[in-house]
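Here's the structure we're looking at; comments come further down.
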Amino acid sequence: MRRTLFGEDHEAFRAMIRAFVEAEVVPVFGDWEDAGHPPRDFYRRLGELGVLGVQVPEEYGGAGETSFKFQAVVSEECARAAVSFGGYSVHVNLVLPYLLKYGSAEQKKRWLPAFASGEMMTAIAMTEPGTGSDLAGMRTTARRDGDHYVLNGAKTFITGGVLADRVLVVARTSPAAPDDRRTGLSILAVDTRSEGYSVGRKLEKIGLRSSDTAELSFSDVLVPADDLLGEEGRGFEYLTHNLAEERLGIATSSYASAAAAVEFARRYVRERTVFGQSVASFQNTKFVLAECATEVEAARSLVDRCIEALDAGELTPADAAVAKLFCTEVQGRVVDKCLQLHGGYGYILEYPIARLYADARVTRIYGGTSEVLKTIIAKDLQV
């Protein structure tokens with residue numbers, strides 16, 4: 001079906017990203033996976049190209065675009081080549097919306113130019129050992145002491161945590177109210193060079209091996225009060241506000257991964273021969289690819305509608321939950337079927353389908369598990 005989501009500017013941006021990926025990412029991506037992250041200079045290179053600053057206002061060195069469509073293009077082009085930009089998506093899709101909406105004029109002036117240039121990479125630290133999705137149960141604390149907060153605690157599963165220069169840390173700044181555990185949380189933008197700030201283990205994962213994921217700990221870290229994001233005690237409200245965009249970002253990359261899997265499988269079965277004929281000539285192959293292509297088309301249509309809704313300020317938490325639930329489940333089914341069509345070679349890492357398979361599993365977990373999303377959708381249905 002003809003797609004109407006993107007205009008000429010988006011397609012020009014796509015051509016630039018595709019050429020960049022093919023020339024500067026694909027040849028070295030294996031090295032990034034071995035190291036567990038891209039080299040630090042890679043993010044400066046994204047800054048030079050203007051990729052990090054697409055949605056940063058012009059007065060801070062960005063392009064001033066407000067549409068999510070440019071981020072969707074990056075997701076699609078990375079999936080197309082079975083690569084990733086490491087901590088890029090957290091930096092741009094998760095952290096930036098918080099800085100834009102809740103950052104003060106002084107904070108934006110201080111942080112956004114370096115954000116756009118890649119001189120300052122960011123991450124967000126919410127999850128703690130033993131709490132998982134229960135953000136209200138976090139135990140990291142930040143006690144106000146004069147002009148500083150004293151931060152203590154630990155975080156885990158922090159994407160971009162190894163290379164980040166500043167991390168948005170969610171901490172409890174006051175006890176929770178008896179009738180609402182979600183009160184008393186705040187967000188501090190912590191300089192990772194601070195004394196007492198420590199990066200623990202770089203966690204080894206099944207997939208997403210080019211994306212650094214770390215444990216963080218804080219021991220009497222002094223955080224200037226000027227680095228409080230927004231108002232004290234409103235952290236849970238802020239986190240809830242941005243969940244829709246975060247989940248749409250995951251839905252978008254999941255759809256793109258499924259679309260790439262179909263293309264990799266289509267090429268492979270046309271070239272591979274079994275019993276003297278191409279794998280593509282078997283009816284089972286045709287039917288499997290037809291099923292997968294149909295699911296991808298449905299996911300694409302849902303993602304496109306949600307992107308338009310987000311740009312219009314109309315995407316609801318339930319809408320985003322539907323998109324993430326559907327697209328990640330489609331991704332899991334489609335990538336698995338496409339790997340099966342590769343036979344034994346689908347299990348070999350030199351084939352892109354193997355990387356897509358390993359990377360796909362976590363999308364049904366992070367950003368809200370499928371079970372949590374079903375709860376949100378059911379609540380919206382008032383059942």
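Here is how the numbers come out for the structure above:
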| quantity | calculated |
| --- | --- |
| Simple spin-label estimate for LYS202 and LYS109 in nanometres, 7 Å along Cα-Cβ | 3.7 nm |
| Listed residues GLN382, PHE326, ILE365: farthest to the positive end of the dipole of segment 308-383 (Cβ charges) | ILE365 |
| Calculated FRET value between ARG3 and ASP145, using beta carbons and R₀ = 56 Å, to 0.05 | 0.55 |
| In Å², nearest 10: area of SER198 left accessible to a 1.4 Å probe | 50 Å² |
| Net charge over other residues, Cβ less than 14 angstrom from the Cβ of GLU231 (K, R count +1; D, E count -1) | -1 |
| Whole-Hz couplings from phi, Karplus 6.51/-1.76/1.60, listed for segment 248-265; x for Gly and Pro | 5, x, 5, 4, 5, 5, 5, 4, 4, 5, 5, 5, 5, 4, 4, 5, 4, 5 |
| For HIS37, distant residues with modelled amide H under 5 Å away | none |
| Vicinal HN-Hα couplings computed from phi for segment 373-383 (Karplus, 6.51 cos²θ - 1.76 cosθ + 1.60; Hz; Gly/Pro x) | 5, 5, 5, 5, 5, 4, 5, 5, 7, 6, 10 |
| By accessible area with a 1.4 Å probe, ligands and nucleic acids excluded, highest first: order of ARG201, ARG44 | ARG201, ARG44 |
| For GLU33, solvent-accessible area (1.4 Å; no DNA, RNA or ligand), Å² | 30 Å² |
| Aspartates and glutamates whose Cα lies under 14 Å from that of LYS202, excluding same-chain neighbours fewer than 8 positions away | GLU33, ASP34, ASP212, GLU215 |
| Nearest-20 debye value, segment 1-76 charge dipole, Cβ charges on Lys, Arg, Asp, Glu | 240 debye |
| Net +/- balance of residues flanking HIS148 in space, Cβ distance below 10 Å, scoring K and R +1, D and E -1 | -2 |
| Straight-distance crosslink candidates among lysines, where the alpha carbon sits under 18 Å from LYS337 and sequence neighbours closer than 8 are dropped | LYS286 |
| Above-threshold pairs, the threshold being 20 Å between Cα atoms, out of LYS155/LYS379; LYS155/LYS205; LYS101/LYS324; LYS69/LYS324 | LYS155/LYS379; LYS101/LYS324 |
| Exposure of THR4 as accessible area (Å², to 10), given a probe of 1.4 Å and all protein chains | 100 Å² |
| Translational diffusion of segment 166-291, µm² s⁻¹ [Kirkwood Rh, Cα pairs; Stokes-Einstein; 20 °C; 1.002 mPa s] | 111 µm²/s |
| Segment 1-128 - Debye-derived log10 I(q)/I(0), Cα point model, q = 0.17, 0.19 Å⁻¹ | -0.92, -1.12 |
| Loop sites in segment 293-383: GluC sites (Glu not before Pro), DSSP, at most 15 other Cβ within 10 Å | GLU314, GLU350 |
| Over the chain: helical MRE at 222 nm, DSSP H runs n ≥ 4 each giving -39500 (n - 2.57), nearest 500 | -15000 deg cm²/dmol |
| Solvent-accessible surface ranking, highest first, for HIS241, HIS10 at 1.4 angstrom | HIS241, HIS10 |
| Candidates ILE250, ILE365, ILE17, ranked by Gaussian network fluctuation over the chain, Cα under 10 Å, top entry | ILE365 |
| Segment 244-333 - Rg over Rh from alpha carbon coordinates, Kirkwood radius | 1.14 |
| Directionally averaged projected area (convex hull, Cα atoms, segment 284-323), nm² | 2.8 nm² |
| Nearest-20 debye value, the chain charge dipole, Cβ charges on Lys, Arg, Asp, Glu | 1060 debye |
| Between segment 296-362 and segment 173-242, the Cα center-to-center distance that results, in Å | 29 Å |
| Cβ-placed point charges (K, R +1; D, E -1), dipole of segment 58-114 about Cα centre in debye, nearest 20 | 160 debye |
| Protein accessible area in segment 1-91, 1.4 Å probe - carbon and sulfur % | 48 percent |
| Candidates ALA309, ALA258, ALA189: whichever shows maximal mean-square fluctuation once the chain is modelled as a Gaussian network with Cα springs under 10 Å | ALA309 |
| Largest to smallest accessible area among TYR102, TYR43 [probe 1.4 Å] | TYR102, TYR43 |
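The values are calculated or read from the model by the stated rules, or taken from the named source; none is laboratory data. A quick note: this is a predicted structure, and the numbers were derived from the prediction, not measured. Using ideal geometry, Cβ is built from the backbone for each residue, glycine included, and neighbour counts are taken over all protein chains shown. When the accessible area is computed, the model is the full protein with side chains, heavy atoms only, and any ligands, DNA or RNA have been set aside. Shrake-Rupley method; radii C 1.70, N 1.55, O 1.52, S 1.80 Å.
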